[in-house]
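This report concerns only the one structure given below.
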Amino acid sequence: MKKPFIVCNWKLNGDKNVINNFVKNIKLIDNIKNMQLTIAPPVIYLDFFKNLITEEKFFLAAQDVDIHENGAFTGEVSAAMLKDIGVKYIIIGHSERKIFHNENNEIILKKISMAIKFSLIPIVCIGETLQQHKEKKTKEVCLEQINYLVNNNIMKNCNKIIIAYEPIWAIGTGKSAEPKEIQILIKFMREHINKFFKISKKILMLYGGSVNKKNAKVFLNQSDIDGLLVGKASLNTDFFYSI
Ligand code: PGA
């Protein structure tokens, strides 16, 4: 049986109290070791979280990283700093960063390169808008995004990168995508990457977008979906019992 890779993207939610309760409850779940659990709390709580983890029950991810290594960039957090406090993964190119912070392909590429430089594993988000979904351009848009990574030599680090397919119209809307369709799409993307590098079986591919305690299992039962990127539902430990 596969060990699902679950990433909890808390976005701009949570505080010390929520974290204390979360860690306490997670420690009570016996078979939590059957999944690889990664938590992405707001950056200010990463260190606090780290200090509460006595066993390697879960890993930490940042929700973003700066494109610079250091310097006069007020408000930013570097890959080196994240590495320093024990972070292992970085979510990069989330649609909310594209929409609210104008992140484009060029910035995303710099962030991925920065993560790889500091031996952090980027979880790169790709996916189509509602309009593109309605126009049946999902495959085309995803291919374009994957090809951008391929053409910029990012995919040669296949074993050091995770792809999260997150249709933008499914994020935070309660309308998740159809698991069987996602399976076909992810398999297709995997095979596409394989054409270039022949090692894409190693690449972890996740689904994200309105995953909840009811649909999580159905997504994880699809052979090419290695795990989930979960927003809202991941703040509630009930979700982990369901998996
Ligand atoms: P959601 O968020 O599960 O709340 O839809 C997913 C994400 O944004 O990664």
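No lab work stands behind these numbers, since they all come straight from the coordinates. Only a predicted model underlies this, so the values are computations on that prediction, with no experimental measurement involved. All Cβ positions, even for glycine, are placed from backbone atoms using ideal geometry, and neighbour counts span all protein chains on display.
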query: Using θ = phi - 60° and the Karplus form 6.51 cos²θ - 1.76 cosθ + 1.60, what ³J(HN,Hα) does each residue of region 228-243 get, whole Hz, x for Gly and Pro?
result: 9, 10, 10, x, 3, 5, 6, 7, 10, 5, 3, 4, 6, 5, 5, 6
- request: Under 14 Å from the Cβ of Ala170, count the other residues' Cβ atoms, weight Lys and Arg +1, Asp and Glu -1, and hand me the total.
  value: -2
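In whole percent, what relative contact order does the chain give with Cα contacts below 8 Å and a gap of six or more residues?
20 percent
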Karplus (6.51, -1.76, 1.60) ³J(HN,Hα), θ = phi - 60°, over region 77-90, in Hz, Gly and Pro reported as x: 10, 9, 4, 4, 5, 5, 4, 4, 9, x, 6, 10, 10, 9
task: Would you kindly give the portion of the calculated P(r) for region 84-226 that falls above 18 Å, as a percent of all Cα pairs?
output: 55 percent
query: Just how large is the dipole of the chain about the Cα centre, in debye to the nearest 20, putting +1 at every Lys and Arg Cβ and -1 at every Asp and Glu Cβ?
result: 740 debye
field: Unit charges at the beta carbon, dipole of region 1-45: most positive-side option, Met35, Asn25, Cys8
entry: Met35
message: Could you work out [θ]222 nm for the chain from helices alone, using -39500 (n - 2.57) per DSSP H run of at least four and dividing by all its residues? Round to the nearest 500 deg cm²/dmol.
response: -11000 deg cm²/dmol
message: Can you tell me, using C-alpha contacts under 8 Å and at least 6 residues apart, the relative contact order of region 45-116 as a whole percent?
response: 35 percent
query: From the cross-link list Lys110/Lys213; Lys156/Lys213; Lys16/Lys111; Lys3/Lys156; Lys117/Lys187, which pairs have alpha carbons spaced over 32 Å apart?
result: Lys110/Lys213; Lys156/Lys213
query: Assigning unit charges at the beta carbon (Lys, Arg +1; Asp, Glu -1) and nothing else, what dipole magnitude in debye, to the nearest 20, does region 1-104 show about its Cα centre?
result: 520 debye
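Using only Cα atoms, figure out Rg for the chain and give it as a multiple of 2.2 N^0.38 Å. The partial results should precede the final answer.
Details: Rg = 17.0 Å, N = 243, 2.2 N^0.38 = 17.7 Å.
Its radius of gyration relative to the 2.2 N^0.38 Å reference: 0.96.
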